[in-house]
Amino acid sequence: MADQLYLSLWFPNFRFEALPAALVSVLRQFALISGGPEGKRVAAASVYPINFTEAPSYQRIYVNDDRAEDSEASIIENAVAEATEQLHDDMAYEFEMKWRLWMPEPGDDADPATVLDTLWKLQPATVRILGFGPNFDDATYEQNGHIRIDFGLDTPWVMDDTLEEAELDEVAQQHIQQNVEMLLAFTLSVEKNCGISSRLLWTESGEPLAEKLIARLQRLN
């Protein structure tokens with residue numbers, strides 16, 4: 001069953017005033033790994049007061065296509081600076097970015113219950129990177145990290161619902177492995193370059209993701 005996937009990051013001796021710089025650092029690593037022009041800029045930014053049941057106190061959606069070639073507002077440093085201009089310790093700061101992951105698209109004549117003869121395409125996927133104020137949602141950073149990355153459902157990496165029982169051809173194996181490698185490359189890049197003290201890649205259900213990824217890679221090799 002598909003599960004929500006997160007990466008939580010904690011920083012040593014972290015001070016709230018350092019949150020914008022930490023967010024820029026993480027967003028930069030994502031931009032380096034994501035590939036494609038849409039992954040280089042922020043797609044949207046939101047600021048949530050108190051907890052996630054409250055309406056955003058700030059929100060901006062950026063246009064990152066040919067109509068906005070000369071716009072600098074969605075550059076990582078500029079988007080973070082604007083959203084965090086007013087730092088409050090009971091707020092969370094969220095930035096959406098895009099990357100492309102391989103996903104199966106059954107053809108018109110394909111049996112939806114199988115991935116044989118399935119066309120694989122690079123599909124845009126949204127990743128949300130959040131920085132938490134120390135008093136947001138009763139100090140949620142203690143469990144969720146000073147910064148948390150929300151990857152969405154774990155389907156692109158484990159394909160449990162779609163591919164568990166299906167025979168995987170060479171193309172499917174290659175694309176799933178590329179998705180896994182992209183996820184791990186981002187995780188390792190953050191660990192190496194962002195000065196974190198600890199990280200945790202986890203799922204909402206609590207199922208051990210590492211074991212699922214290892215099992216998937218073993219089936220691919």
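Only residues that are more than 13 Å from the chain's Cα centre (by Cα) and either among the hydrophobic types (A, V, I, L, M, F, W, C) or modelled with pLDDT under 95 (or both): list them for segment 33-48, please. Selection gives 35, 36, 37, 38, 40, 41, 44, 45, 47. Quick check on segment 151-161: of everything there that is over 15 Å from the mean Cα position of the chain (by Cα) and surrounded by fewer than 21 Cβ atoms within 10 Å (Cβ to Cβ), which residue is modelled with the lowest pLDDT? My answer is 161. Does residue 140 satisfy the criteria of being hydroxyl-bearing (Ser, Thr, Tyr) and either within 21 Å of residue 209 (Cα to Cα) or at pLDDT 95 or above (or both)? So residue 140 fails the test.
In the list 21, 73, 79, 55, which residue meets the criterion of being of a type in the set (Gly, Ala, Ser), surrounded by fewer than 16 Cβ atoms within 10 Å (Cβ to Cβ) and part of a helix (DSSP H, G or I)? Break it down stepwise before answering.
Numbers: 73 fails: part of a helix (DSSP H, G or I); 79 fails: surrounded by fewer than 16 Cβ atoms within 10 Å (Cβ to Cβ); 55 fails: part of a helix (DSSP H, G or I).
Exactly one residue qualifies, and that residue is 21.
Within segment 38-61, residues that are polar (S, T, N, Q) reach partners that are not in a strand (DSSP E or B) with beta carbons closer than 6 Å, at six or more positions or on different chains, in the pairs 46/56; 51/137.
The values are calculated or read from the model by the stated rules, or taken from the named source; none is laboratory data. What you see is a predicted model, and the numbers here were worked out from it, not measured in a lab. As a convention, Cβ positions derive from the backbone with ideal geometry for all residues, glycine included, and neighbour counts pool all protein chains shown.
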